[in-house]
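Asker: I'd like to ask some things about the structure below.
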Amino acid sequence: MFNNVPSGVGETGKIKLFPSQLDEVLAKGAAWAVNNGYGRKEDLEYMESNGCIKVADPSKVLPSAKKRGAPQLGTLGAGNHFLEIQTVNQIFLPEIAKTFGIEKQNQICIMIHTGSRGLGHQVCSDYIRILEEAFRSELSKLPDRELVYAPSGTQQCTDYFTAMSAAANYAWANRQMITHWVRQSFVKILNMKEEDIGLNLLYDVAHNIAKVEEHDINGRMTKLFVHRKGATRAFPPGHPELPQAHKQTGQCVIIPGSMGTASYVLAGKETGKETFFSTAHGAGRVSSRSQMLRGLRGEEVAKTLLEKGIISKAASWKCMAEEAPQAYKEIDEVVRVTEKAGISDRVVRLTPIAVMKG
């Protein structure tokens, strides 16, 4: 997998896109990847928005972002992005787990965490500058300049939202390509046919994204921009945007821990409406990257993981030190609180056996 999936800071991918092809990715999302031979058509059913926000407008993504994104499609990136081989450690709700495709203890699962790479970051940076110029009067009222926003109904709001949607489509295509190469890796190593290895998609859900959704506000269904920063979606049973298979269970929710600790699959529930059906997208850091670099060496982290039975491979030792398990909150406690708060229910606990970092 490490050889098949390019990873690391500024890493470029295995394919080169013409400008017109990049615009197709930005407009069509994961469907572009599937149509070009990366993955299975049925994967699209198990993605938030079926892997494409249709209002995306590639023309609103500025050349600076396209320049960064064109060579990076199909790459994992660095930082907290990861690719893990995990094993099912505990099943809390067997019937729901089975619906999601998890049927037994020690079943092998793969978790992929990456997004829109440099393209998405640049879209944000470009539009922050545009909004700072357009809404100077708002800046003085904000605690941080980077919280500048485009008021709903303005042209800047429409431009930014459609550009961000294009970046989300790029992210879905990116994860779909990585999913395809992971499957190819298993096919090659196990010397099996792809249809015999399983590795069906549980769910692909976005985080750090804004969506237009309808929510109950004082008894009236109202269209809202819902901005999930450091958060991800957790829709309840019966929600119209869910795959048919999840209508009875609620949305498949994914909360990763850190390399060396558990991750969880949960199910969305109706009481999650208090948070606009949003939950944490991970354990969250307790120590900064610079703090970790002052106190740890990447080689030490890899050795400790190996002593736990976890194989690790990273593009740099620096990344291993920055992303050490002790940099993150205790995932079991984070998920316990999530469940007690009525946001989503624990379905499966997963533990890593191999970790790949950018």
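Asker: I'd like the full set of residues that are under 13 Å from the mean Cα position of the chain (by Cα) and not basic (Lys, Arg), limited to segment 156-201. Talk me through it step by step, then tell me what you get.
Answerer: First, the residues of segment 156-201 that are under 13 Å from the mean Cα position of the chain (by Cα): 167-176, 178-179.
Answer for segment 156-201, where residues must be under 13 Å from the mean Cα position of the chain (by Cα) and not basic (Lys, Arg): ALA167, ALA168, ASN169, TYR170, ALA171, TRP172, ALA173, ASN174, GLN176, ILE178, THR179.
Asker: Right, another one. Going by the conditions given, is ARG117 charged (D, E, K, R), surrounded by 17 or more Cβ atoms within 10 Å (Cβ to Cβ) and at positive phi?
Answerer: On the way: charged (D, E, K, R): yes; surrounded by 17 or more Cβ atoms within 10 Å (Cβ to Cβ): yes; at positive phi: yes.
So ARG117 passes the test.
Asker: Restricting the search to segment 152-205, which residues are polar (S, T, N, Q) and within 20 Å of ILE254 (Cβ to Cβ)? So that I can check it myself, show each step before the final result.
Answerer: Initial filter on segment 152-205 (polar (S, T, N, Q)): 152, 154-156, 158, 162, 165, 169, 174, 176, 179, 184-185, 191, 200.
Scanning segment 152-205 gives ASN169, ASN174, GLN176, THR179, ASN200.
Asker: Which ones in segment 309-332 are at pLDDT below 95, part of a loop (DSSP other than H, G, I, E, B) and under 10 Å from MET259 (Cβ atoms)?
Answerer: GLU323, ALA324
Asker: Could you check, for segment 264-271, whether at least one of its residues is in a loop (DSSP other than H, G, I, E, B) and surrounded by fewer than 21 Cβ atoms within 10 Å (Cβ to Cβ)?
Answerer: No: zero hits.
Asker: Let me spell it out: the conditions are (1) within 15 Å of MET177 (Cβ to Cβ); (2) of a type outside the set (Gly, Ala, Ser); (3) without any contact (Cβ under 8 Å) to a residue 60 or more places away in the chain, and GLN72 meets all of them except one. Which number is the exception?
Answerer: Against the list (1) within 15 Å of MET177 (Cβ to Cβ); (2) of a type outside the set (Gly, Ala, Ser); (3) without any contact (Cβ under 8 Å) to a residue 60 or more places away in the chain, GLN72 comes up short only on (3).
Asker: Which of (1) farther than 30 Å from TRP317 by Cβ; (2) free of Cβ contacts under 8 Å to residues at least 60 places away in the same chain; (3) touching a strand residue (DSSP E or B) at 6+ places or on another chain (Cβ under 9 Å); (4) not hydroxyl-bearing (Ser, Thr, Tyr) is the odd one out, the single condition GLY153 does not satisfy?
Answerer: Against the list (1) farther than 30 Å from TRP317 by Cβ; (2) free of Cβ contacts under 8 Å to residues at least 60 places away in the same chain; (3) touching a strand residue (DSSP E or B) at 6+ places or on another chain (Cβ under 9 Å); (4) not hydroxyl-bearing (Ser, Thr, Tyr), GLY153 comes up short only on (3).
Asker: Would segment 339-348 turn up any residue that is within 21 Å of MET1 (Cβ to Cβ) and touching a residue at least 24 places away in the same chain (Cβ under 8 Å)?
Answerer: Checked against the condition, which is being within 21 Å of MET1 (Cβ to Cβ) and touching a residue at least 24 places away in the same chain (Cβ under 8 Å), segment 339-348 yields no hits at all.
Conditions tested, residue by residue: (1) closer than 20 Å to SER185 by Cβ; (2) modelled with pLDDT under 95.
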| site | (1), (2) |
| --- | --- |
| GLY13 | yes, yes |
| SER20 | no, yes |
| GLU24 | no, no |
| ASN36 | yes, no |
| LYS60 | no, no |
| GLU95 | no, no |
| LEU119 | no, no |
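Asker: Against the definition (touching a Gly at 6+ places or on another chain (Cβ under 8 Å), outside the structural domain of HIS281 (by TED's automatic domain parsing), under 19 Å from TYR203 (Cα atoms) and buried (at least 19 other Cβ atoms within 10 Å of the Cβ)), how does ALA56 come out, yes or no?
Answerer: Criteria not met by ALA56.
Asker: Check whether at least one residue in segment 195-203 is modelled with pLDDT of 95 or more and surrounded by fewer than 14 Cβ atoms within 10 Å (Cβ to Cβ), and report yes or no.
Answerer: Scanning segment 195-203, I find at least one residue that is modelled with pLDDT of 95 or more and surrounded by fewer than 14 Cβ atoms within 10 Å (Cβ to Cβ), so the answer is yes.
Asker: Another one. Just the residues that are farther than 20 Å from MET356 by Cβ and touching a residue at least 12 places away in the same chain (Cβ under 8 Å), please, taken from segment 294-338.
Answerer: Those that are farther than 20 Å from MET356 by Cβ and touching a residue at least 12 places away in the same chain (Cβ under 8 Å): LYS329, GLU330, ASP332, VAL334, VAL335, THR338.
Asker: Mind checking which residues of segment 8-58 are hydroxyl-bearing (Ser, Thr, Tyr) and part of a helix (DSSP H, G or I)?
Answerer: Hits for segment 8-58 are SER20, TYR46, SER49.
Asker: Show the residue pairs that are 6+ apart or on different chains and have beta-carbon atoms under 9 Å apart, the first residue being within segment 236-252 and charged (D, E, K, R), the second being part of a loop (DSSP other than H, G, I, E, B) and surrounded by 14 or more Cβ atoms within 10 Å (Cβ to Cβ).
Answerer: Listed pairs, sorted by first residue: GLU241/PHE235; GLU241/GLN251; LYS247/PRO237; LYS247/HIS239.
Asker: Mind listing whichever residues of segment 280-291 are in contact with a strand residue (DSSP E or B) (Cβ under 9 Å, 6 or more places away or on another chain) and either without any contact (Cβ under 8 Å) to a residue 40 or more places away in the chain or closer than 22 Å to GLN86 by Cα (or both)?
Answerer: ALA280, HIS281, GLY282, ALA283, GLY284, ARG285
The values are calculated or read from the model by the stated rules, or taken from the named source; none is laboratory data. Only a predicted model underlies this, so the values are computations on that prediction, with no experimental measurement involved. Positions of Cβ are backbone-derived with ideal geometry, glycine not excepted, and every protein chain shown enters the neighbour counts.
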